[in-house]
Amino acid sequence: MIVDCHTHLNYYSDENQAALPKTLDTLKLEMKRNRIDFALTLTSYKELPGRPTTKEVVEATRDIPYIYVIAGVSYYIHDQKYLDEIREYIQSGKVRGLKFYCGYEPFFPNDEKMRPAVELAEEFDIPLLIHCGDTFSPKGKLKFSHPLHVDELAVDHPKLKIVICHLGNPWIRDCMEVVYKNKNVYTDISGLVLGDFSDRFERYMVKQLQEMLLYGVEPDRVLYGTDFPISSMSSYLEFIRQLKLPQDDLKKILSENSMQLFKLKASDSPLSGGRGY
Ligand SMILES: [Zn+2]
């Protein structure tokens, strides 16, 4: 069983062109091709035709039992009305997490302005994903996306489950320490490449991840995710195989951790008795 906990339905090459439903069809097709059981899809912090809103994504995926939504919360745009809307989607079961875009937007994870969103995640026991590491855009501000800043939020909110996205790459060691120290912090391996892994980079990243697991980060707290369509699903599956992990650890990373964290039901998978793709 495979859960991709980090995908997008954005259209990156031309943000002024409407993304849905084309990107949704592509996601479904790639899931089927790569035999992915579940995908979590993250909505943006931007409001553009190429970046469908949480409402649009929730409506488009309503009848798809194997795709769930992580609602992006923009530092600038979000208001109480938006949080109320998300609350409804959480209660209906479609939204399974929140996402902060630290670095893309200039704020630290523990910024006071974001507290209502943090409390919403705590109230419903849904994870908060936080962008960490490199910003794809040169307009990003890196000090805000350093994984070390997640530590303070994790300590002050011990019941909140947090996911550091992208291993905090290139600050993988700092990410390691924050995950190792805080039992409520996880990390996903998404977005390490644009497109496919090159052989050299794959070898380098395999070493980094093996080092992380050796350091003491438990495989219970590492999640499989790709950042599709930015990174290719097939290349990621090949990458995870290269780690040569013990079967039990691989299972945790590929599916069990995410099934638990996002409260997914195996019977909804199109591959194990669900309604199919
Ligand atoms: Zn992403």
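No value in this document is a laboratory result; all are computed from the given coordinates. Predicted, not measured: the structure shown is a model, and the values here were computed from it. Neighbour counts are summed over all protein chains in view; Cβ atoms, including those assigned to glycine, are modelled from backbone coordinates with ideal geometry.
Residue separation of residue 213 and residue 272 scaled by 0.36 nm, minus their Cα-Cα distance, works out to 18.3 nm of gained length.
Calculated [222 nm] ellipticity per residue, helices only, for the chain: -10500 deg cm²/dmol; basis is -39500 (n - 2.57) per DSSP H run with n ≥ 4, divided by all residues, nearest 500.
Here is the tail figure for the stretch 3-268: Cα pairs spaced more than 22 Å apart come to 52 percent of all pairs. Semi-axes of the equivalent ellipsoid for the stretch 46-146, computed as √(5λ) from the eigenvalues of its C-alpha gyration tensor and ordered from largest down, come to 23, 16, 12 Å. Over 18 Å apart at the Cα level, from the set 183/252; 46/99; 22/99; 159/263; 81/263, are 22/99; 81/263. Exposed loop sites were defined as GluC sites (Glu not before Pro) in DSSP loop states (anything but H, G, I, E or B) carrying at most 16 other C-beta atoms within 10 Å; in the chain the longest segment without such a site runs 48-277.
So which aspartates and glutamates pass the test for residue 143, namely a Cα distance under 19 Å, with those fewer than 8 places away in the same chain ruled out? Counting by Cα, and skipping residues close in sequence, residue 143 has these aspartates and glutamates nearby: 105, 111, 112, 134, 151, 152, 174, 177. Specify the inter-centroid distance of the stretch 76-93 and the stretch 238-261, based on alpha-carbon positions, in whole Å. Going from one Cα centre to the other spans 32 Å. Taken along the Cα-to-beta-carbon direction at a fixed 7 Å, the label points for residue 159 and residue 201 span 4.1 nm.
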